[in-house]
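Below is one structure; the comments refer to it alone.
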Amino acid sequence: MNILVLGSGGREHAFATKLNQSEICDELFVAPGNAGTASIAQNIAISPENFDSVAKFAIENNIEMIVVGPEAPLVAGVRDYFESNEQLKNIKIVGPGKLGAQLEGSKDFSKEFMEEFDIPTARYKTFTQANIDEALAYIDTMTAPVVLKADGLAAGKGVIIAETLDEAKDSIKEMLLEQKFGEASSKVVIEEFLKGIELSVFVLTDGKDYIILPEAKDYKRIGEQDTGLNTGGMGAVSPVSFAPGEFIDKVENKVVKPTIKGLQARNIDYVGFIFIGLMNVDGEPFVIEYNVRMGDPETQVVLPRITSDFGKLLWDTASKKLGDSEYETDPQIATTVVMVAGGYPESYAKGKEISGLESTSQAEIFHAGTKIQDGNIVTNGGRVLAITGKGENLQEALKNSYDTVNNISWEDVYFRKDIGQDLLKLEK
């Protein structure tokens with residue numbers, strides 16, 4: 001069949017790599033894609049949020065399955081658009097409809113959902129500009145640090161961890177009164193800070209059955225030792241050594257099952273990925289957030305560990321036959337190191353020529369912010385590449401990642417040198 005992937009990042013290059021290897025894939029298209037997807041699929045210059053153009057392309061190219069990478073088209077209702085059109089409704093889509101996508105599109109919706117279905121999460125309240133005084137009073141009842149989350153989508157940057165109550169009060173004023181994150185922060189969730197170790201668990205569901213994919217830990221801060229500004233992710237590791245079988249069993253029973261049952265109870269026909277951001281608090285799972293798609297860069301360590309036919313897995317999901325699907329994983333460790341443009345996550349330059357991509361190595365190179373310009377591959381975003389190594393142990397996987405990272409360069413390149421080091425210390 002012909003398959004279309006929507007998106008342009010490292011996650012979509014990882015999707016395309018797996019789908020390109022699938023027995024069911026005839027022609028593979030990525031919209032808009034990047035320099036990496038161009039080598040294994042046909043890039044199409046269409047925005048994933050331009051539903052009319054996506055639909056026209058799907059009809060003209062006999063697309064049978066669309067895999068939605070980023071959250072924005074899901075929250076905007078790409079599934080609903082296709083299902084409401086007679087010509088499009090038979091095209092299978094991997095990704096939830098607009099209502100299910102509110103699990104990520106609205107922090108308030110997701111917290112209220114967790115509360116209703118008894119899913120463990122941090123204590124919280126939601127505020128708007130109209131009740132700013134109540135928000136300030138609520139902060140006075142808390143213990144620092146305090147977490148503030150913009151209700152809407154803010155490109156992964158709408159969360160502030162205030163180290164003092166005064167800082168929390170200043171931040172809530174910036175978010176609500178000065179619209180620090182634009183429309184996304186017209187409503188703000190204030191919640192207690194959970195102390196523990198963070199990880200992500202990924203679920204693939206057809207709305208009835210589900211598969212728990214390999215878990216991962218990512219590294220959000222720009223600086224080593226987890227310092228500096230939050231980013232979209234500077235690296236990731238899978239599996240996670242502090243999440244053995246017993247902890248994942250708790251996640252399944254206390255989080256995954258109630259989430260699936262909650263969606264069913266609300267008559268939300270959810271088909272696709274559920275990314276569950278978790279905090280391991282003394283061996284107990286607490287949900288930090290839901291996302292309604294795979295993570296980036298976690299996808300770059302999760303997908304290389306899936307040994308089953310990924311195309312068939314997604315087709316079975318979209319066809320509501322996931323219960324019949326074969327699913328196997330590789331026990332090896334996977335690590336990815338993200339290489340970014342200097343200055344990211346603030347201002348950075350684009351168009352820098354990348355060298356060393358052709359060097360043979362023990363790692364897989366996933367493109368994110370890249371494009372082809374005058375026959376050369378150049379930088380075209382903040383996060384540029386994700387370099388994924390695998391190994392029998394964490395040390396070997398990291399060596400394979402960093403050996404390749406050190407062969408690649410461009411002007412003002414930056415990457416963290418400490419990905420996975422915290423886990424190595426835990427193992428020791």
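Of all the listed residues (Asp166, Asp133, Asp108), the sole one being over 20 Å from Leu314 (Cβ atoms), assigned to a helix (DSSP H, G or I), touching a Lys or Arg at 6+ places or on another chain (Cβ under 8 Å) and among the charged types (D, E, K, R) is Asp108. Quick one: would you say Gly295 is open to solvent by less than 30 Å² (accessible area, probe 1.4 Å), on the phi > 0 side of the Ramachandran plot and either of a type in the set (Ser, Thr, Tyr) or not in a strand (DSSP E or B) (or both)? So Gly295 does not fit the description; no. Return yes or no: is Leu357 without any contact (Cβ under 8 Å) to a residue 60 or more places away in the chain and of a type in the set (A, V, I, L, M)? It is true that Leu357 is without any contact (Cβ under 8 Å) to a residue 60 or more places away in the chain and of a type in the set (A, V, I, L, M). Filtered by the rule that a residue be crowded, with 16+ Cβ neighbours inside 10 Å, in a loop (DSSP other than H, G, I, E, B) and among the small types (Gly, Ala, Ser), the stretch 142-156 gives Gly152, Ala154, Gly156. For the stretch 28-38, check the following and say yes or no: at least one residue is part of a loop (DSSP other than H, G, I, E, B), farther than 26 Å from Asn376 by Cα, in contact with a strand residue (DSSP E or B) (Cβ under 6 Å, 6 or more places away or on another chain) and open to solvent by 10 Å² or more (accessible area, probe 1.4 Å). No, because not a single residue in the stretch 28-38 is part of a loop (DSSP other than H, G, I, E, B), farther than 26 Å from Asn376 by Cα, in contact with a strand residue (DSSP E or B) (Cβ under 6 Å, 6 or more places away or on another chain) and open to solvent by 10 Å² or more (accessible area, probe 1.4 Å). Pairs linking a residue in the stretch 325-350 that is more than 22 Å from Leu385 (Cβ to Cβ) to a residue that is among the aromatic types (Phe, Trp, Tyr) and buried (at least 21 other Cβ atoms within 10 Å of the Cβ), with Cβ atoms under 9 Å and 6 or more positions apart or on different chains, are Ser325/Trp315. The criterion of at least 1 residues that are open to solvent by 60 Å² or more (accessible area, probe 1.4 Å), of a type in the set (A, V, I, L, M, F, W, C) and touching a strand residue (DSSP E or B) at 6+ places or on another chain (Cβ under 9 Å) is met by the following strands (runs of 3 or more DSSP E) wholly inside the stretch 309-427: 370-373. I'd like the full set of residues that are in a strand (DSSP E or B) and surrounded by fewer than 24 Cβ atoms within 10 Å (Cβ to Cβ), limited to the stretch 53-92. Correct list: Ile63, Glu64, Met65, Lys92.
The values are calculated or read from the model by the stated rules, or taken from the named source; none is laboratory data. Note that the structure is a prediction, hence the values are computed from the model and not measured. FYI the Cβ positions are ideal-geometry reconstructions off the backbone, even for glycines, and counts take in every protein chain you see. Side chains included, ligands, DNA and RNA excluded: accessible areas come from the protein's heavy atoms. Shrake-Rupley method; radii C 1.70, N 1.55, O 1.52, S 1.80 Å.
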